[in-house]
1. What number of residues within region 141-167 satisfy the criterion of being surrounded by fewer than 16 Cβ atoms within 10 Å (Cβ to Cβ) and more than 20 Å from ALA186 (Cβ to Cβ)?
2. Checking the structure you have, find out if any residue of region 35-45 is over 23 Å from ARG146 (Cα atoms) and in contact (Cβ under 8 Å) with a residue 12 or more places away in the chain.
3. Does GLY74 count as crowded, with 18+ Cβ neighbours inside 10 Å, without any contact (Cβ under 8 Å) to a residue 60 or more places away in the chain and not hydrophobic (A, V, I, L, M, F, W, C)?
4. Which condition number in (1) assigned to a helix (DSSP H, G or I); (2) loosely packed, with under 13 Cβ neighbours inside 10 Å; (3) not aromatic (Phe, Trp, Tyr) is the one that ALA107 fails?
5. Considering only region 92-104, how many residues are farther than 21 Å from ALA128 by Cα, assigned to a loop (DSSP other than H, G, I, E, B) and not hydrophobic (A, V, I, L, M, F, W, C)?
6. Could you tell me whether ASP150 is over 18 Å from LEU29 (Cα atoms) and modelled with pLDDT of 95 or more?
7. Can you give me the number of residues within region 42-99 that are β-branched (Val, Ile, Thr), touching a helix residue (DSSP H, G or I) at 6+ places or on another chain (Cβ under 7 Å) and more than 16 Å from ALA7 (Cβ to Cβ)?
8. Within region 143-181, which residues are assigned to a helix (DSSP H, G or I), free of Cβ contacts under 8 Å to residues at least 12 places away in the same chain and over 22 Å from ALA39 (Cβ atoms)?
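The values are calculated or read from the model by the stated rules, or taken from the named source; none is laboratory data. Values in this document were obtained by computation on a predicted structure and should not be read as measured data. Cβ placement follows ideal geometry from the backbone for every residue including glycine, while neighbour counts extend to all protein chains displayed.
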Amino acid sequence: MITVDAAKALAKRTLSPRRYEHTLNVRRLAVRLAKKNHADVEKAALAALLHDIAKEMPKDKMLQLFSDNAIIAGNIAQRPSPVWHGHAAAILAKTQLGVEDEEILNAIRCHTTGRRDMTVLDKIIYMADMASEERTYPEAEHLRARAIEDLDAAALEGLGMSIAWLKRDGKPVDAETLDAYASLRAQFLARK
């Protein structure tokens, strides 16, 4: 399996400077959240470094990757294209980088959508991506602080914001995001 150092070098080599900076910021926040939530720091760092490894891949190349790995890819090509890169990154991690740990692969795969019954690592990578240091949208700082305070509450709030923004802008909301929000909301309400 690829090491954290090798994943960092790969990200630097394959991503634009702006995307690489984002990736390093996601790693920093993911490690901080992993420590706070007693999660595996190494897994958080690796998932963070690989989460956007396919972000700048052309759509036709992603579609070819999905076709070449149809069993792993499932129906991703029929879903909104902004979520493709997470699935593509997970496929690359598994098929080319030797990542066999399903927890890491799932966190990479669902970093833009969330998923039903998100694990702690899923929430860490989702929130680290959404609220990384270079994010400048008005709610970013609040979400960073919220994630450090209460990861579950932050993930629920982040998913809700994402759904609201997509609807406001007339963009499709991925079904997995709706499932993630409903699942996390039910868990959160049961906890109270």
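1. Initial filter on region 141-167 (surrounded by fewer than 16 Cβ atoms within 10 Å (Cβ to Cβ)): 141-142, 145, 149-150, 153, 160-161, 164-165, 167.
Now restrict to residues that are more than 20 Å from ALA186 (Cβ to Cβ): 141-142, 145, 149, 165, 167.
Selection size over region 141-167: 6.
2. From region 35-45, those over 23 Å from ARG146 (Cα atoms) are none; that's our starting set.
Within region 35-45, none of the residues are over 23 Å from ARG146 (Cα atoms) and in contact (Cβ under 8 Å) with a residue 12 or more places away in the chain.
3. On the way: crowded, with 18+ Cβ neighbours inside 10 Å: no; without any contact (Cβ under 8 Å) to a residue 60 or more places away in the chain: yes; not hydrophobic (A, V, I, L, M, F, W, C): yes.
Criteria not met by GLY74.
4. Going through the list (1) assigned to a helix (DSSP H, G or I); (2) loosely packed, with under 13 Cβ neighbours inside 10 Å; (3) not aromatic (Phe, Trp, Tyr), ALA107 breaks only (2).
5. 3
6. Details: over 18 Å from LEU29 (Cα atoms): no; modelled with pLDDT of 95 or more: yes.
Answer is no for this residue.
7. Going residue by residue through region 42-99, those that are β-branched (Val, Ile, Thr) are 53, 71-72, 76, 83, 91, 95, 99.
This time we only want the ones that are touching a helix residue (DSSP H, G or I) at 6+ places or on another chain (Cβ under 7 Å), so: 53, 72, 76, 91, 99.
Remaining after also requiring more than 16 Å from ALA7 (Cβ to Cβ): 72, 76.
Of the residues in region 42-99, 2 are β-branched (Val, Ile, Thr), touching a helix residue (DSSP H, G or I) at 6+ places or on another chain (Cβ under 7 Å) and more than 16 Å from ALA7 (Cβ to Cβ).
8. Correct list: ALA164, TRP165, LEU166, LYS167, ARG168.
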